[in-house]
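Throughout, read-outs are computed from the coordinates displayed, never taken from laboratory work. Everything numeric here is computed off the predicted structure, so don't read it as measured data. Neighbour counts run over all protein chains shown; Cβ positions are idealised from the backbone, glycine included.
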Number of protein chains: 2
Amino acid sequence: MTTNNLPQEEASCPAEGILKQLSGKWKPQIFRLALDGPVRFNGLLRQLPGSNKQSVATALKEMEEADILVKTVVQEKPLHIEYTLSEKGLAMVSVFRSMEGFLS
Amino acid sequence: MTTNNLPQEEASCPAEGILKQLSGKWKPQIFRLALDGPVRFNGLLRQLPGSNKQSVATALKEMEEADILVKTVVQEKPLHIEYTLSEKGLAMVSVFRSMEGFLS
DNA sequence: GTTGGTAGTCATGTTTTTTTGACTAATTGA
DNA sequence: TCAATTAGTCAAAAAAACATGACTACCAAC
């Protein structure tokens, strides 16, 4: 058999994939805002000073792909899109909480 | 008074600093190896295929500065240097464990 | 029909992170 | 004294992440 053709990360450190899903310049803050309720693209742009469309769009897409956020088209006027924490996302609160003990 | 001159990260998301201390291409794996006992510079280079001196040196320095690892000169022959998990580093195991529930 | 809000994409440029390869310097064993 | 092992540093290049500005497309109000 072949020895190991998984990306070395996953093989040697299970936490590494999760770490990647959560890190980046805007993801932690988006996560945090999503804890307070559904977030929206333009809303995030306003709530995250210094951010930009491209970066927010990328973060949202990656967090959706990682099944942290769920994207929903809301059939109300004005028609818009909401991003909500998935069950997995919600469960990840424990990860964030475990980090809050280390405020230097 | 001034409103808020902290780096926005720390202000808006406490976990963000810790996330930064743990993320990077090699830090999680170094952390994991350090769980099994003291690690050494050349040893890490051998144990982390694809790594390089510069990156390992930087990771070790940053993890030392973040008080995750403690650097010790071991007065044995051959005289060498060991990096051991600090108390804080050891406590951070809980952070890694909290992530291990999310293996996709 | 023009303005303004929704949610983006695309190409490009800048900045940060990571890698490469050469080099240093002390210690040890033959 | 020569070679190997220890643990790095340094400058430069490559790769990845992030930012900028222009543009698209849909819908609603005026």
Using 0.36 nm per residue, how much length does the chain from A:GLU64 to A:ALA91 gain when fully extended, once their Cα-Cα distance is taken away? 8.2 nm
Please find, in a Gaussian network model of chain B (springs between Cα atoms separated by less than 10 Å), the residue of B:GLN54, B:GLN29, B:GLN21 whose mean-square fluctuation is greatest. B:GLN54
Would you mind telling me which residue in B:ALA66, B:ALA15, B:ALA34 has the biggest mean-square fluctuation in a Gaussian network model of chain B, where springs connect alpha carbons within a distance under 10 angstrom? B:ALA15
From the C-alpha coordinates alone, can you work out the Kirkwood hydrodynamic radius of chain A, in Å? 15.2
Set of lysines near A:LYS20 by C-alpha distance (under 18 Å), chain-local residues within fewer than 8 positions excluded: A:LYS61, A:LYS88, B:LYS20, B:LYS25, B:LYS27
What are the label-to-label distances in nm, one decimal and shortest first, from A:GLY101 to the same spot in the other copies, with labels 7 Å along Cα to Cβ? 1.4
Share (percent) of C-alpha pair distances in the protein assembly as shown greater than 31 Å works out to 29
What gaps in nm, shortest first, separate B:GLY37 from its twins in the other copies when you place the label 7 Å past Cα toward the beta carbon? 5.6
Compute the label-point distances linking A:THR72 to its equivalents in the other copies; points lie 7 Å from Cα along Cα→Cβ; give nm, one decimal, shortest first. 5.4
Using a Förster distance of 45 Å, the FRET efficiency for A:GLN47-B:GLN54 (Cβ separation, nearest 0.05): 0.75
Counting other Cβ atoms within 10 Å, keep those with at most 11, restrict to DSSP loop, and tell me which GluC sites (Glu not before Pro) in the range A:74-104 are left. A:GLU76
So, with +1 on the Cβ of K and R and -1 on the Cβ of D and E, and no other charges, what is the size of the charge dipole of chain B about its Cα centre, to the nearest 20 debye? 460
Which of these, B:PRO49, B:PRO78, B:PRO38, has the largest mean-square fluctuation under a Gaussian network model of chain B (Cα springs below 10 Å)? B:PRO78
